[in-house]
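One structure is given below, encoded as structure tokens.
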Amino acid sequence: MPNLIPEAKIFNCTQSRELAEKIAAAYGAPLGKVITSTYSDGEFQPSFEESVRGSRVFIIGSTHPGADHLMEMLLMLDAAKRASARHITAVMPYFGWARQDRKDKPRVPIAAKMVASILETAGATRIITMDLHADQIQGFFEKPVDHLFASTVFLPYLRSLKLDNLTIASPDMGGSKRAYAYSKAMESDVVICYKQRAKANVISHMELIGDVTGKNVVLVDDMVDTAGTLTKAADVMMAKGAISVRAICTHPVLSGDAYKRIENSQLLELIVTDSIPLKQKCDKIRVVSCADLFADVMSRVHNNKSISSKFIM
């Protein structure tokens, strides 16, 4: 008899329920049954309510802080391993703790490496994620990593705007590679913001490298946290003669006063994915779903097909 590919089963962590439902619908499979029991002190225990023996298991959950989101992913990976799943794939649209990817001063952790190690120890045999804060984080894993690009969903939307005199911008020097990739795809100019920080999340100074006079500018970044950089960059660009400023950010972390800053800023629009659920509504924020992208890649992985067509930049 020919070898049959075992059935794939899709489960979700609680924080990513809405996205997981979209992914499962696009994949063409129901979400698996999971019950999470919570003790009075806050300790919790997820439980698969169906057999996963011999199956390929996809566990969907972004690991944005707080730590409970990461802990839930780890517990579900361990449960799947102990239930004899054949393959266990951690589908992490947002890989949390990724900003701690190196020692930038003495006596600090490299949290991204630590998280990679404990995911593998917990039972992950493969990782699927999107727009890591730094590409080299893939090297922290000993298991296969499928690192997807949100440009797959952003570029069609950007083209639909049909903006004249388009210029792609990076809000900092570290994002210049991403900005150049978008500019190549859109055949547009590039400008770079140079910023200096007084401390984490606080910008002391910003300069613009390039000309935005008479341009429709689109800022590109992997995440938006406090929105301080984006709103400051928008102010600088409008002061330098830009017609409009939009921003494309894959992961809407949006902490602190981010929503208030965006509402009061000169940003015309902030386009994000649904890798992290929004905490509140904002008229300036547009969500473009990444569900179809993840569903397609998961299907290809399960059926041992190439996913190279998904790496469009």
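Quick check on my filter: what residues within segment 115-160 are over 19 Å from the mean Cα position of the chain (by Cα), without any contact (Cβ under 8 Å) to a residue 40 or more places away in the chain and in a helix (DSSP H, G or I)?
Within segment 115-160, 117, 120, 121, 159, 160 qualify.
Considering only residues that are assigned to a loop (DSSP other than H, G, I, E, B) and either more than 17 Å from residue 275 (Cβ to Cβ) or in contact with a strand residue (DSSP E or B) (Cβ under 8 Å, 6 or more places away or on another chain) (or both), which ones fall in segment 51-79?
Answer for segment 51-79, where residues must be assigned to a loop (DSSP other than H, G, I, E, B) and either more than 17 Å from residue 275 (Cβ to Cβ) or in contact with a strand residue (DSSP E or B) (Cβ under 8 Å, 6 or more places away or on another chain) (or both): 51, 52, 53, 54, 55, 61, 62, 63, 64.
Pull up segment 257-284, narrow it to residues that are in contact with a strand residue (DSSP E or B) (Cβ under 9 Å, 6 or more places away or on another chain) and outside any loop (DSSP other than H, G, I, E, B), then point me to the one that is surrounded by the fewest Cβ atoms within 10 Å (Cβ to Cβ).
The residue in question is 269.
From the list 255, 306, 275, exactly one residue is among the polar types (S, T, N, Q) and without any contact (Cβ under 8 Å) to a residue 12 or more places away in the chain. Which is it?
306
Go through (1) at pLDDT 95 or above; (2) open to solvent by less than 30 Å² (accessible area, probe 1.4 Å); (3) β-branched (Val, Ile, Thr) for residue 236 and report which single condition fails.
(1)
Out of (1) at pLDDT 90 or above; (2) open to solvent by less than 30 Å² (accessible area, probe 1.4 Å); (3) not hydrophobic (A, V, I, L, M, F, W, C), the odd one out for residue 229 is which?
Single failed check for residue 229: (1).
Taking into account only those residues within segment 161-196 that are assigned to a strand (DSSP E or B) and more than 24 Å from the chain's Cα centre (by Cα), which is modelled with the highest pLDDT?
166
For segment 118-133, what are the residues that are farther than 20 Å from residue 311 by Cα, touching a Lys or Arg at 6+ places or on another chain (Cβ under 9 Å) and open to solvent by 20 Å² or more (accessible area, probe 1.4 Å)?
Once the filter is applied, which keeps residues that are farther than 20 Å from residue 311 by Cα, touching a Lys or Arg at 6+ places or on another chain (Cβ under 9 Å) and open to solvent by 20 Å² or more (accessible area, probe 1.4 Å), segment 118-133 yields 120, 125.
Filter segment 134-165 down to the residues that are over 25 Å from residue 302 (Cβ atoms) and crowded, with 20+ Cβ neighbours inside 10 Å and list them by number.
Matches in segment 134-165: 154, 158.
Any idea which residue in segment 14-37 is surrounded by the most Cβ atoms within 10 Å (Cβ to Cβ), counting only those that are under 24 Å from residue 278 (Cβ atoms) and more than 23 Å from the chain's Cα centre (by Cα)?
34
From (1) open to solvent by less than 90 Å² (accessible area, probe 1.4 Å); (2) at pLDDT 95 or above, pick out the condition that doesn't hold for residue 5.
Residue 5 satisfies all of (1) open to solvent by less than 90 Å² (accessible area, probe 1.4 Å); (2) at pLDDT 95 or above except (2).
Within segment 86-112, can you find the residues that are part of a loop (DSSP other than H, G, I, E, B), touching a residue at least 40 places away in the same chain (Cβ under 8 Å) and surrounded by 22 or more Cβ atoms within 10 Å (Cβ to Cβ)?
93, 94, 95 - these are the residues of segment 86-112 that are part of a loop (DSSP other than H, G, I, E, B), touching a residue at least 40 places away in the same chain (Cβ under 8 Å) and surrounded by 22 or more Cβ atoms within 10 Å (Cβ to Cβ).
I need the full set of residues from segment 38-50 which are exposed (fewer than 11 other Cβ atoms within 10 Å of the Cβ) and under 21 Å from residue 94 (Cα atoms), in order please.
Matches in segment 38-50: none.
Among the residues of segment 285-313, what is the count of those that are in a loop (DSSP other than H, G, I, E, B), open to solvent by 50 Å² or more (accessible area, probe 1.4 Å) and touching a strand residue (DSSP E or B) at 6+ places or on another chain (Cβ under 6 Å)?
0
Count, please, the residues in segment 209-226 that happen to be open to solvent by 30 Å² or more (accessible area, probe 1.4 Å) and not in a loop (DSSP other than H, G, I, E, B).
1
The values are calculated or read from the model by the stated rules, or taken from the named source; none is laboratory data. Small disclaimer: the values here were computed from a predicted structure and weren't measured. All Cβ positions, glycine included, derive from the backbone under ideal geometry; neighbour counts span all protein chains shown. Calculation scope for accessible area: heavy atoms of the full protein, side chains included, ligands and nucleic acids excluded. Shrake-Rupley method; radii C 1.70, N 1.55, O 1.52, S 1.80 Å.
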